[in-house]
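The values are calculated or read from the model by the stated rules, or taken from the named source; none is laboratory data. As the structure is a prediction and not an experimental result, all values here were calculated from the model. When we count neighbours, we look across all protein chains shown, and the Cβ atoms used for this are built from the backbone with ideal geometry, even at glycine.
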Amino acid sequence: MPEWLVAALWAVLKASIALAFIGLNFIFLVWLERKVSARIQYRVGPYRVGKPHGWLQLFADAIKMFSKEDVMPAAADRWVWAAAPVVAFTPAVLLFVILPVGPNFGVQPDFNLGLLFLSAVSSFTLFGIFMAGWGSNNKYSLLGAMRAVAQLMAYEIPLVLAVLGVVMLAGSLSLQDIVEAQKDYWFVFPQFLGFIVFLIAAIAELNRTPFDLAEGESELVAGYFTEYSGIRWGMFMFAEYTNLFTMSAIAASLFFGGWNGPILPPVAWFLIKTYAFVLLAMWIRWTLPRIRIDQLLDLGWKFLVPVGLFNILITGLFLV
Amino acid sequence: MSLTREPAQELQLDPRLGDRVRVEDLGGGRQTMVMSMGPQHPSTHGVLRVVLTLDGETVVDAQPDIGYLHRNWEKIAEYMTYAMTVPFSDRNDYLAAITNELALVQAVEKLTGIDVPERAQILRIIFSELQRITSHLLWFGTFGLDLGAVTPFLHAFTAREYCYRLFEKATGARFLYGYLRIGGMRNDVPDGWIEDLLGFIDQLEREYWPGFMKLLVENEIFIRRTKGIGVLSREDAIAYAASGPVLRGSGVRYDVRKADNYLPYDRFEWDVPVGENGDVYDRAMVRMYEMLESAKIIRQAVKELPDGPVMAKVPRAIRPYGEVYHRVEGPRGEVGVYLVAAGDTNAYRARWRSPCFVNLQLLPLLARGHLVADLVAIIGSIDIVLGEVDR
């Protein structure tokens, strides 16, 4: 076989494995969220469908999502409305390209622009949100979309600033190199401030409580996806949960040594650390009330950005 | 993709709201937006519709539009005998059925001059205060939901479930009891009920209440979301005839239980919690502390519960003359019943003074200039029950 064909097949294989994992991970996370929230709220959560702890519920949910009626509002901006879920969903999948799952293992973990790719692609979800909000021609959706846009700058800049500290320590933008640089110690210790900023900004980026302003149920009904049902709604959920996994994986890789760890195989360490972050995000979501939009902007500009800059300054002095 | 929208003037506005809702030109291409919030909205607490005029996300005006749950209590009460009206009054404020019954039953007792046995009086206090606790528990849960915190809701429901088991044991119903009778109570509480009640009070004071404070009320985000929002001044509160926690949140120490002493409340030691600034936070804190005060009253009332009958001798058909206004302190404020009796078994005219209806008038005043998110918090802090607003 010619070399290009081998490379192409290899790429297709990797992509299929990644996509299969993403799909399964999505329904698993939905089930996990229901279970975790139930635990926090003195409930048992899904229990009836599937014997141990309602595990079949996740497939029931998926089937329900696929079989629901797809309703398009009469006043919707057809193409924008229809394209929005896809636009929101694609970057979530794309981000899997840079995840370092193990030593030299992953789709393309040694991508030398890794973190730049991260900050560029992850903001793309916003286009989907904005298109959904605008295309629905619904005032609640519109307000949700506007909130999402206002929110973007407030957390995207601190996110990049927080990541910069790690990049300075590791001397590389590639996640592979960053994880390898943490063989001896985790970056969370020298970069504690950076980690705090990253954690807050990442939860804001994920649009989860306390920063779930764009959907803000009690205020905006369901925000930007009010008018979506069935699988289109499912794609937004898909994007949300996949982003949750990706952000957790990136947090684990940047600050907690990624796949580094004793005894267990690297992939296991990667998954343990990632899901620990997923659980942390769920814990936060089911505990805190929602912050207000102006308070989020204040938090972003008046707290996270200065702290992020200060962190870079300290890291710079330390390196010199 | 078209980036133009239909001009806002062409919106079909509800004619019932008339001139109250207008699209205003703010200049520079900016216009206010009219948004209909409700009657089907997750945080309008039932079927309230608020017609919002928004500048971006700032509320320029908010007009409540009510009547979706109108059941015509006042007219129907004219066609039913006094005793038949009691269960129907439960449905007015369906979260505080006992205090509704109490208002009506005591009004009729006042008209006819029936003396209620002491045991029934004290039991009425116990049930009113237990009802206040359940109602405030539900308020706590839904207020958390309004602010985006889902978990407090289910924690509050766990505690509330405990209460409703107690109600079920004593009255046979969980929600709408029909427990009070003209002249007393339908039945005495069963054996062991008082111990169960004290068990609940213990758990409320020891476990539930401090847990709620830690989970939601002492949270930094909660404090920032509620302090300084929807400030209601002392003068406005009085001028709008607000009552209950809304009035007391603004610093007016007025409670019908203290003012009228319609049940022997003066036998017990308890305080009326009041706020200072009249913002959402103060109204919330008043309700939180009222739960503790109610628990205090129940504790003392149980000790003084005498033996004896719970029902006075009441003639088979009550045919009073005269008119009466009687008010009691419900969980949401002053519940009043006005009856005109013309010597028949049913009232000539019945009128229900609903605290929620009166308090809801404050919404446009409180909401102006705040964000949509604050509006939701303000509606939550007024604590309306649409069943009572519309009657």
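I'm checking my understanding of the structure. Among residues of the stretch A:286-312 that are part of a loop (DSSP other than H, G, I, E, B) and in contact with an Asp or Glu (Cβ under 8 Å, 6 or more places away or on another chain), which one is farthest from the other protein chains (Cβ to nearest Cβ)? Looking at the filtered set, the residue picked out is A:Arg292.
Residues of the stretch A:38-59 that are modelled with pLDDT under 85 and either outside any loop (DSSP other than H, G, I, E, B) or at positive phi (or both): A:Tyr42, A:Gly45, A:Gly50, A:His53, A:Gly54, A:Gln57, A:Leu58, A:Phe59.
Just one of the listed residues (A:Thr315, A:Thr209, A:Thr274) is buried (at least 24 other Cβ atoms within 10 Å of the Cβ), more than 14 Å from chain B (Cβ to nearest Cβ) and β-branched (Val, Ile, Thr), namely A:Thr274. Going by what's in this entry, would B:Leu362 be described as within 14 Å of chain A (Cβ to nearest Cβ) and more than 19 Å from B:Leu111 (Cα to Cα)? It is false that B:Leu362 is within 14 Å of chain A (Cβ to nearest Cβ) and more than 19 Å from B:Leu111 (Cα to Cα). Looking at the stretch B:74-168, the helices (runs of 4 or more DSSP H) lying wholly inside it that each contain 3 or more residues that are within 14 Å of another protein chain (Cβ to nearest Cβ) sit at B:118-146.
B:Leu11 meets each of the listed conditions (1) at pLDDT 80 or above; (2) within 11 Å of chain A (Cβ to nearest Cβ); (3) out of contact with any Gly (no Cβ under 8 Å at 6 or more places or on another chain) apart from (1). Screening B:Leu147 against (1) more than 19 Å from the chain's Cα centre (by Cα); (2) in contact (Cβ under 8 Å) with a residue 12 or more places away in the chain; (3) surrounded by fewer than 21 Cβ atoms within 10 Å (Cβ to Cβ) leaves a single unmet condition, (3). Condition check for A:Trp283 on (1) assigned to a helix (DSSP H, G or I); (2) more than 14 Å from every other protein chain (Cβ to nearest Cβ): one failure, at (2).
Counted as qualifying within the stretch B:308-391 are the strands (runs of 3 or more DSSP E) with 1 or more residues that are touching a Pro at 6+ places or on another chain (Cβ under 8 Å), namely B:321-330, B:333-342. Among the residues of the stretch A:246-253, is any closer than 22 Å to A:Val149 by Cβ, of a type in the set (Val, Ile, Thr) and within 14 Å of another protein chain (Cβ to nearest Cβ)? No, every residue in the stretch A:246-253 fails to be closer than 22 Å to A:Val149 by Cβ, of a type in the set (Val, Ile, Thr) and within 14 Å of another protein chain (Cβ to nearest Cβ).
Just one of the listed residues (B:Val252, B:Val280, B:Val246, B:Val217) is within 14 Å of chain A (Cβ to nearest Cβ) and either surrounded by fewer than 17 Cβ atoms within 10 Å (Cβ to Cβ) or under 25 Å from B:Arg353 (Cα atoms) (or both), namely B:Val280. When the residues of the stretch A:38-59 are filtered to those that are within 14 Å of chain B (Cβ to nearest Cβ) and out of contact with any helix residue (DSSP H, G or I) (no Cβ under 7 Å at 6 or more places or on another chain), the one that is surrounded by the fewest Cβ atoms within 10 Å (Cβ to Cβ) is A:Arg39. Take the stretch B:50-83 and flag every residue that is touching a residue at least 40 places away in the same chain (Cβ under 8 Å), over 18 Å from B:Ser36 (Cα atoms) and not acidic (Asp, Glu). Those that are touching a residue at least 40 places away in the same chain (Cβ under 8 Å), over 18 Å from B:Ser36 (Cα atoms) and not acidic (Asp, Glu): B:His70, B:Arg71, B:Asn72, B:Trp73, B:Ala77, B:Tyr79, B:Met80, B:Thr81, B:Tyr82, B:Ala83.
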